[in-house]
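Notes to accompany the following structure.
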Amino acid sequence: MISERRTVSLPIVSGCLRLADLVAVLGAGLIAYRAYPPAQQALAADLSLVFVVIIGLLCANGFQLAHLYTHPTLRSPLRRFGRALLAWSVVLLLFAAALFFTKTGENFSRGWVVSWFLIGAAGLGLNRIALSALVGLWTRDRRLCRNLVVVGAGAEAARFIAMVEASHNEEVEIVGVFDERLNHRRAVVAGRRLSGNIDDLTEFCRQVHVDQIVVAMPAAAESQLAAIFGRLRQLPVAVSLCPDIKGLPLENCSLGRVADQPVLNLLDRPLSDWKWVRKEIEDRFLAAIILLLIAPLLGAVALAVKIDSPGPVFFRQRRYGYNNQMIEVFKFRTMYHDQCDAAGEKVVKRGDSRVTRLGGFLRKTSLDELPQIINVLRGEMSIVGPRPHQAALKIDNRYYDEIVAEYAARHRVRPGITGWAQVNGWRGEIDTVEKAVKRVEHDLYYIDNWSVLLDFKILLLTVVAVLKRENAY
């Protein structure tokens with residue numbers, strides 16, 4: 001079994017280095033300002049601080065133009081330190097020239113500019129020394145190497161694998177080769193033994209961290225490509241296409257490269273890089289604030305549940321979470337203890353005799369969902385996301401995923417306490433195929449269009465939906 005490891009996101013590393021460089025430049029300017037204050041004129045003093053901010057912004061753009069944050073630069077930051085030093089020198093020379101031509105230089109100390117340059121250069125150097133140490137650690141742990149899976153067993157796949165290996169590119173590692181028609185294909189592709197079919201790939205991605213799936217198949221196999229794409233959509237993995245693309249009608253695809261080989265990017269990993277960071281901060285921050293605010297309410301409801309009927313306060317139910325993994329979702333118990341349905345095989349209906357008197361009120365007001373804040377703090381759920389469904393959920397005696405082909409694609413992100421489907425009227429019992437399809441459609445819309453603003457919009461609409469108490473019993 002391939003060891004489980006998470007790759008380092010270079011876009012996030014790039015963003016952190018940008019911030020560190022900005023802090024170095026601004027901090028150097030403030031330190032120099034304290035060491036060499038301007039002439040005793042209020043205007044000059046104010047202008048000095050304004051200049052520090054302006055130079056910081058110029059550096060942010062100048063360093064970008066100097067390509068200081070590209071992936072090759074991030075992998076060997078010390079080799080490119082000369083470029084960073086040159087960019088920093090150019091910015092300060094332009095600043096000095098501006099002081100000269102505006103005849104304002106006499107109000108400012110030369111020592112301020114020189115010390116600002118030296119301290120700033122030292123800060124930029126320290127940033128790259130620290131990054132170089134981290135890169136060395138990540139390289140040893142192979143965290144800068146992306147795990148790649150190839151789908152296909154024909155000439156296209158063999159060509160792609162051979163060219164990736166011939167490139168000796170250390171950024172990617174092929175960890176498996178899969179093909180749907182396993183029994184009709186040769187067992188070895190470009191010297192690599194097939195790992196299984198698409199079903200095996202789905203399970204493989206739940207056991208091993210996979211960064212990208214490359215489908216290497218002929219363009220003529222359009223129906224097969226569409227079927228494979230539909231099945232891969234359920235995985236929280238970036239999917240790219242590397243076929244003979246001549247004449248292949250694909251929309252909304254971007255061109256990417258893997259080990260210098262062109263590929264078509266069909267799906268991006270949902271909530272990757274900075275989106276993932278923003279979502280993580282949002283979830284943990286809001287969960288902590290909400291828990292502090294509702295702690296007295298949680299205590300009161302827990303006491304009421306205990307008094308209302310015998311049994312535990314919390315009801316734990318196994319439901320599908322991120323990447324189709326099972327999680328235990330916390331809720332206040334709303335049914336009689338001896339009639340609780342841990343598997344979720346029997347949907348709660350209006351007037352259900354299993355629901356206690358207090359439980360009916362808790363379900364209508366959604367107060368029974370509040371303990372899921374614990375799941376958010378544990379990293380199993382989000383505040384906003386597709387609602388987690390019971391493992392045994394059925395409609396017309398058929399499992400949910402048998403009715404809606406893209407059902408499992410909901411699990412590409414963490415489930416939420418509330419979601420886009422719930423605030424658009426698809427809350428409560430799912431007893432028809434139409435409701436099942438609509439809920440999945442809304443969940444997939446949320447995943448494809450996520451933003452912090454959309455999350456806050458859903459939170460506001462959730463309050464309205466709870467007050468209406470529709471489809472909740």
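Are any residues in segment 70-122 among the charged types (D, E, K, R) and either at pLDDT 85 or above or open to solvent by less than 70 Å² (accessible area, probe 1.4 Å) (or both), and if so, which ones?
Step one: of segment 70-122, the residues among the charged types (D, E, K, R) are 75, 79-80, 83, 103, 106, 110.
Correct list: Arg75, Arg80, Arg83.
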Which of the helices (runs of 4 or more DSSP H) found entirely inside segment 68-179 contain at least 1 residues meeting this: under 30 Å from Ser195 (Cβ atoms)?
71-75, 110-140, 155-167
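Confirm whether Glu165 is surrounded by 14 or more Cβ atoms within 10 Å (Cβ to Cβ), charged (D, E, K, R) and under 17 Å from Pro218 (Cα atoms). Break it down into steps so the answer makes sense when it comes.
On the way: surrounded by 14 or more Cβ atoms within 10 Å (Cβ to Cβ): yes; charged (D, E, K, R): yes; under 17 Å from Pro218 (Cα atoms): no.
When the stated conditions are applied, Glu165 does not pass them.
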Can you tell me how many residues within segment 271-301 are out of contact with any Phe, Trp or Tyr (no Cβ under 7 Å at 6 or more places or on another chain) and either farther than 30 Å from Val214 by Cβ or not in a helix (DSSP H, G or I) (or both)?
21
If I ask for residues that are surrounded by fewer than 20 Cβ atoms within 10 Å (Cβ to Cβ) and of a type in the set (Val, Ile, Thr), which ones from segment 128-156 would you list?
Ile129, Thr139
Consider Lys331 carefully, then state whether it is under 24 Å from Ala436 (Cα atoms) and either at pLDDT below 90 or among the polar types (S, T, N, Q) (or both).
no
Qualifying positions in segment 405-436 - part of a helix (DSSP H, G or I), modelled with pLDDT of 85 or more and over 16 Å from the mean Cα position of the chain (by Cα)
Trp420, Ala421, Gln422, Val423
Residues (of a type in the set (Lys, Arg), surrounded by fewer than 16 Cβ atoms within 10 Å (Cβ to Cβ) and in contact with a strand residue (DSSP E or B) (Cβ under 9 Å, 6 or more places away or on another chain)) located in segment 304-327
Arg316
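The values are calculated or read from the model by the stated rules, or taken from the named source; none is laboratory data. Because the structure is predicted, anything quoted here is derived from the model rather than measured. Glycine gets a Cβ as well: all are built from the backbone with ideal geometry, and neighbour counts include every protein chain shown. Surface areas here come from the heavy atoms of the whole protein model, side chains and all, with no ligands, DNA or RNA. Shrake-Rupley method; radii C 1.70, N 1.55, O 1.52, S 1.80 Å.
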